[in-house]
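> Got a structure for you, questions after.
What follows draws every value from the coordinates through simple rules; no lab data is involved. This one's a predicted model, so the numbers in the text were calculated from it and none came from an experiment. In this analysis, Cβ positions are derived from the backbone assuming ideal geometry, glycine residues included, and neighbour counts consider all displayed protein chains.
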């Protein structure tokens, strides 16, 4: 290998490190043309990385929605049970008008 080739090779390698590559495969290639190694933190296989406070907020929202659904379900069941036993606790407001039982 001649001196000019060695200088050109070193110069090309330095330019690859400094300038971003262009083209379709720029994210998957390292500075020397070999595929870049992508490391994942331990325990992250198949799991999307997310900020813990975002995950916690989503879990709290889901729990809140589940509590609301359970409360409404209990309310409907209680109303039906009381109706079977002859007690009317139907809606207190019908079409925006307060109804007296």
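> Label-point separation (nm) for residue 59 and residue 16, each offset 7 Å from Cα along Cα-to-Cβ?
According to this spin-label approximation, the distance is 4.4 nm.
> At R0 = 35 Å, how high is the FRET efficiency between residue 87 and residue 66 if r is their beta carbon distance? Nearest 0.05 is fine.
That pair, residue 87 with residue 66, gives E of 0.75.
> Something else: Could you give the nm distance between label points at residue 50 and residue 4, where each point is 7 Å from its Cα heading toward the beta carbon?
5.9 nm
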